[in-house]
1. Looking at this structure, is Glu475 at pLDDT below 95, touching a strand residue (DSSP E or B) at 6+ places or on another chain (Cβ under 7 Å) and either within 28 Å of His156 (Cβ to Cβ) or not basic (Lys, Arg) (or both)?
2. Which count do you get for residues in segment 216-253 that are within 22 Å of Asn273 (Cβ to Cβ) and small (Gly, Ala, Ser)?
3. Which of the residues that make up segment 482-517 are more than 21 Å from Met155 (Cβ to Cβ), charged (D, E, K, R) and loosely packed, with under 12 Cβ neighbours inside 10 Å?
4. So which residues in segment 267-320 are of a type outside the set (Val, Ile, Thr), assigned to a helix (DSSP H, G or I) and out of contact with any His (no Cβ under 7 Å at 6 or more places or on another chain)?
5. Determine whether segment 63-80 contains at least one residue that is touching a Lys or Arg at 6+ places or on another chain (Cβ under 8 Å) and more than 18 Å from Leu122 (Cβ to Cβ).
6. Do we have Tyr149 as surrounded by fewer than 21 Cβ atoms within 10 Å (Cβ to Cβ), among the hydroxyl-bearing types (Ser, Thr, Tyr) and either within 14 Å of the chain's Cα centre (by Cα) or at pLDDT below 95 (or both) here?
7. Would you mention how many residues in segment 476-500 are charged (D, E, K, R) and within 16 Å of Glu455 (Cα to Cα)?
8. Which ones in segment 1-34 are more than 16 Å from Glu113 (Cβ to Cβ) and free of Cβ contacts under 8 Å to residues at least 60 places away in the same chain?
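The values are calculated or read from the model by the stated rules, or taken from the named source; none is laboratory data. From a predicted model like this one, the values you see are computed outputs, not experimental measurements. Heads up, the Cβs are rebuilt from the backbone with ideal geometry, glycines too, and the neighbour counts pull from every protein chain shown.
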Amino acid sequence: MQNISSIAYKNEFVKSFPGDESGEKQPRQTPGVLYSRVSPTPVSGPTLLAWSDALSAELGILKPATQEDIAVLAGNGLAPSMQPYAACYAGHQFGNWAGQLGDGRAITLGEHEVSPGNSWELQLKGAGPTPYSRRADGRAVLRSSVREYLMSEAMHYLRVPTTRALSLVRTGDQVLRDMFYNGNAAHEPGAIVLRTAPSFLRFGNFELLAARKELDNLRQLTDWTMARYFPHLQGGRDEKLLAWFEEVVERTARLMVEWLRVGFVHGVMNTDNMSVLGLTIDYGPFSFLDDYDPAFTPNTTDLPGRRYAFGQQHAIGYWNLGCLASALAPLLPDTEKLVATLETYRESFYRHYYAMMGNKLGLDEVRDTDKAFIKQFEETLATLKPDMTIFYQLLMTLPPHPADAQAVLDHFSESFYQTPNHEGATALFRLMTRYDARRQENICTPAEALQLMQESNPRFILRNYLLHQAIEELERGEDQLFRQLQEAIKTPYTTDADAFFAKRPEWASQKAGCSMLSCSS
């Protein structure tokens, strides 16, 4: 175990690619480079608010015990071997090409090699302006930082691929934010998250180089990415590139399925927010589903089109992969095999999707005849809109051979935000009758089926209204709920956090920050 200020950091990205070494923070275009060297901007009064003991144990980093270490977490100091930089990338935002974007409020400090071949980038989010901040200040508010800190760790414990969060620091400074972009800007307390991942490379890193026709840099970045993060790939350059893209397609498909499994809605699936490692990255206006609604989006900016709604995410994953394929196309003699690889997405997604749904429903396998039932199951939920998490928990205890519609309605009553009418109750009874008949056909035992369901259906999810309440308490100087949530996220498949096993309360359905959020979140 080492102090964060005494680690010998590696800087392979900085060493491997051309960068702007000036250290200048003035917003500007930076053609020809993949990053700009920039140091964090100091804050006035850093205090450590939260620390992930589990992640620090994995990384071999000691909890800060000195102001020197806290200073590193706040951007007020650097370890001698750190060479901080902001990455340059582009992206499609809400379906439109946005050109150069880059790390506008994230600064990578360096790479910590935990063991040979196991390196993690350490990155401060909210540490001040970079050349890619455009008109922004490079800061993050407590509100958004608490959300990212807790949610990225919550997703880890849900077994969803994700970036992680090591620390949360109050800055002691106020940050001006217009939360809903409606002209009502207000000062909020500032905070900084130290987040970490094997890599923060995005689809947009490759898109920018292709758009600028910097093909040497594009080829170099692609070769470096494959050698560093996909060393198992074999064959010549073209063969390896196609195999790498196929793996990115597969990882993206699996990630979309995992989001659907737990009811997660990212909110901003722009290509600059898509990880080439298949990780959930950049937590902004995210949400879990409360009532089951495929058209739900938590992002006010995504209205009224709902491009990134819960039920659209897998289709957007494919669209975004198409953008990455277009960026890689100049590196290949023709695009036929690249397109064919992209088209494997649908088969990969549905293969994992049906397997996932089979597990959620406790089926020993998903037969061809089960696919129509799964479609009916989700369509019925979309009509009745029960609480997704609670409904699946109650499904585990559904008695065999349900007697009538009222009995089924009573069994699931705890999950409904609005009691179904006669037609809805009848549809649910028919669905559960069909489900009961199918589970009787299982080759596995009822206990084995139950175990499948328990491992696939979380009992605790980090609901937006809970996050909002915790943030309000922290802003008042209280941290009881925050600490409770920090523990609850660690055991989402058990009854340990049953104090939070409840539907979203009525007051939270319209309250700002509990249902809809903006990209400033």
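1. Judged against the criteria, Glu475 is a match.
2. 1
3. The answer is Glu506, and nothing else.
4. Asp272, Asn273, Asp302, Phe310, Gly311, Gln312, His314, Ala315, Gly317, Tyr318, Trp319, Asn320, listed by residue number.
5. Filtering segment 63-80 down to residues touching a Lys or Arg at 6+ places or on another chain (Cβ under 8 Å) leaves none.
No - not one qualifying residue is present in segment 63-80.
6. no
7. 2
8. Glu21, Ser22, Gly23, Val33
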